[in-house]
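Notes to accompany the following structure.
The values are calculated or read from the model by the stated rules, or taken from the named source; none is laboratory data. Nothing here was measured: the structure is a model prediction, and the numbers come from that model. Because the Cβ atoms are built from the backbone with ideal geometry, glycine has one as well, and the counts that use them run over all protein chains shown. In case anyone asks, the SASA skips ligands and DNA or RNA and just uses the protein heavy atoms, side chains included. Shrake-Rupley method; radii C 1.70, N 1.55, O 1.52, S 1.80 Å.
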Amino acid sequence: MVAISTSNLRKTYGDVTALADLSLSIDEGELFGALGPNGAGKTTTIRILTGQLQPDSGTASVLGFDPVSEPVETRRHIGILPEQESPPSFLTPREYFDFVGTVRDIPSDVVDERVDAWTERLSFAEKLDTVSTDLSRGQQQKVMITQAFLHEPEVVFIDEPLANLDPIVQERVKDFLVAYRDAGNTIFISTHHIEVAEEVCSRVGIVSGGELIAERRPSELGPNESLLDTFLENVGSATAEVQGLLGP
Amino acid sequence: MTGSLNRRLFVGMLREEWRMHANLFGGARFAAFPLFVLALGAGAVWLLTTTAVATVSTLVLGVHALVFAFGLQTGTTAFLGRDAARNLLGDMTLLVFTARTLPVSQRRLLAVFLLKDAVYYSGLFMVPMALSFTPAVAAGQLAASDVALLWGTATTTFLLGVAVTFAGISLATRGVSGRVVALALGVGLAAAVVSGIDVVGYTPYGIYQGATVVETTVVLAAIPLLAVLGIAVYDPNYSTPARTAGDAYGRWRDRLPFRDDAVTAKTLIDVSRSSGGLFKIVFSGSILLAVGVFLLELAGEIASVDPAPGVTLGAILGLSAFTTYNWLTQFDDLDEYRLYPLDVADVLRAKRRAFLLVSVPTGVGFYALAVAWQSPTVWDALAGVVVHVGLQVYLFGVTVYLAGFSPNEFLFDTVLFAAFTLAVAGPVVPIVVAGFVVSAGTPAVLAGIAVGGVVLALAGGVLVRRATPKWERATRT
């Protein structure tokens, strides 16, 4: 069953085309990685699918909800971890999780239980009462990862999941993402890191120039193939086409 | 090489300052801002001197006070550090913070930055502010040369404000408490006043008034001295130790009558934990109370009228709504709430509740103080409180409608600021003038003014309702 889909999405900012014509379909239980160069349209796609931004044209659906016309209802059922988003400056992580619990209608004993599990998983229990503005970037990222999963949503959108995390925590997060997918949930990851996509994603879509230009399943790569080669082949030729370097 | 580098840094910082403002407010809109200041200032000078509400010398004093406050605020924004600047201006890195990555000393960057501030603000803001007094020159109340002098002393006042803040913040980065610095300044000032020193003479305003050579030299020397002190001790890598806090969110939420509204509780914590805490809202109210009482007494002296203090002070204190709303929206933005199942209406409802919990009681408290101090008639006091609450609700509506959740960013957007000025002046000026004119006032006239207050509150409600779809559209495209 399809969890996330878009059809001919287009979004421009003035003269800049962020999404040219993006169509994709992601099934329930997939861990889909959107891989692409800077400015490819990955973050714009996430912002549209999570109801934060309206496209110029095209349609989108997440768990059967239309994020354009039903942004709040869509966000009620999903988790979001944006790139470079910090927890509220003047709340401690403990207060922030309580805040998220209130907004998402999670009973406080359930919040406490889940926060305990996350602080152990990401090793930040000793920071629960530190005012967020005084946390390091890595600690802030741990807090933001926790809030995205606190209500155990069926679909989660993550922009650069491992940013600012140390290698040990990166491994734990990757293991968790795979386990979360195996439990039947859907995850949409946007990343620049090919090795991360290759390691955790069940399917990778290469986005360039605001379009989905290729798709590969890492599990189906041959012994002499790598996602990097696929990426360079497709993004390289797409870039050359844009620049008019290739003939018809 | 050194001269060339300084020149390039100066030009780069000047361009950066312009682009920062142009990016925030739109190039043409920001470029028109000096013309707007000139038009607004000239109109105010003409109106206030023609109606004899204020003299030219009072207005000149007011300009110096305003510019000093502007200098203090500019210095705070610039030098509190990259993280603080980011909170206010968004995600940006200024050239003054590039010493970490480029082979340029922090001291050189700070010195050029101060010079840039002097040139930029003296040209864009002090020139039109000084030229605002042209109507007074035309009316023969001021010599043309005084306008040039005013420009010089206003610029000096601005720089003094920046230098004072910069030196204070620099000392704070070396562990000297801001409270200690403020206390030392206060004690020094009090000692000077008690010992009979003419403190005003040792200010740029004193220079305008014709200070002695010694006084002028002291004032002019103070600015570079403070700047050098600041440059010498400023630590750009300073950060406060990590703070811990108990669970205030739960306590706030339990106290509020709407337990499911997480954003209201968060907003109140944001304000209470930011610099100055909830006291800054009280401070803004006390400034307005002092200004209101000063104006009342001045009007009594100059125009020989006996104003209605209830209505007048109710209106003036109502202006605190803008600054309070500013504090309530200073520490978050709409995008951060888009991670959750919340929309513009939810956030706006929370801000309105926080406003009603904080701004209205504080304003009414100050109004009660003013009533006890100025002893209006019962009818005047009742009309005043209605006007005060009505104006607060109206200003909330106007600000939300025009500026959304970023009221502090639109002050240099000429079109928005002009609209805001008109929307505020429209009801406030007639009420204040009526307060001056009606004197003890008949109950019928005061009842009419009170009805005006109710109408303002209703207008505010309508604006808030219209703001919701407007900002929902504007922030998702």
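List of remarks:
- Test for B:P341: is it open to solvent by less than 40 Å² (accessible area, probe 1.4 Å) and outside any helix (DSSP H, G or I): yes
- In region A:47-77, residue farthest from the chain's Cα centre (by Cα) [restricted to those that are more than 9 Å from chain B (Cβ to nearest Cβ) and buried (at least 22 other Cβ atoms within 10 Å of the Cβ)]: A:P55
- From the list B:V358, B:V393, the lone residue that is within 24 Å of the chain's Cα centre (by Cα), buried (at least 24 other Cβ atoms within 10 Å of the Cβ) and in a helix (DSSP H, G or I) is B:V393.
- Region B:264-283, residues that are more than 8 Å from every other protein chain (Cβ to nearest Cβ) and either buried (at least 20 other Cβ atoms within 10 Å of the Cβ) or of a type in the set (V, I, T) (or both): B:T264, B:T267, B:L268, B:V271, B:I281, B:V282
- Residue tally, condition facing chain A (nearest Cβ under 7 Å) and farther than 16 Å from A:P93 by Cβ, over region B:254-263: 1
- When A:L31 is tested against (1) at pLDDT below 95; (2) on the phi < 0 side of the Ramachandran plot, just one condition goes unmet, and that condition is (1).
- When the criteria are applied in full, B:V400 fails the requirement of being open to solvent by 40 Å² or more (accessible area, probe 1.4 Å), in contact with a helix residue (DSSP H, G or I) (Cβ under 6 Å, 6 or more places away or on another chain) and either more than 18 Å from B:F33 (Cα to Cα) or modelled with pLDDT under 90 (or both).
- Looking across region A:89-103, the residues that are open to solvent by 10 Å² or more (accessible area, probe 1.4 Å) and in a loop (DSSP other than H, G, I, E, B) come down to A:S89, A:F90.
- Pick from region A:138-155, criterion of a type in the set (V, I, T) and over 8 Å from A:L81 (Cα atoms), ranking: farthest from the chain's Cα centre (by Cα): A:V143
- Of the listed requirements (1) of a type outside the set (S, T, Y); (2) more than 20 Å from the chain's Cα centre (by Cα); (3) assigned to a helix (DSSP H, G or I), B:A54 misses just one: (3).
- Take the conditions (1) surrounded by fewer than 20 Cβ atoms within 10 Å (Cβ to Cβ); (2) within 23 Å of the chain's Cα centre (by Cα); A:L122 misses just one of them, which is (1).
- Some residue of region B:365-384 being among the β-branched types (V, I, T), open to solvent by less than 10 Å² (accessible area, probe 1.4 Å) and assigned to a helix (DSSP H, G or I): no
- Of the residues making up region B:151-177, those that are over 20 Å from the mean Cα position of the chain (by Cα), surrounded by fewer than 22 Cβ atoms within 10 Å (Cβ to Cβ) and part of a helix (DSSP H, G or I) are B:W151, B:G152, B:L171, B:A172, B:T173.
- Odd one out for A:V115 among (1) more than 8 Å from every other protein chain (Cβ to nearest Cβ); (2) surrounded by fewer than 19 Cβ atoms within 10 Å (Cβ to Cβ); (3) part of a helix (DSSP H, G or I): (2)
- Of the candidates B:R259, B:R273, B:R253, the single residue that is farther than 27 Å from B:A69 by Cα and modelled with pLDDT of 85 or more is B:R253.
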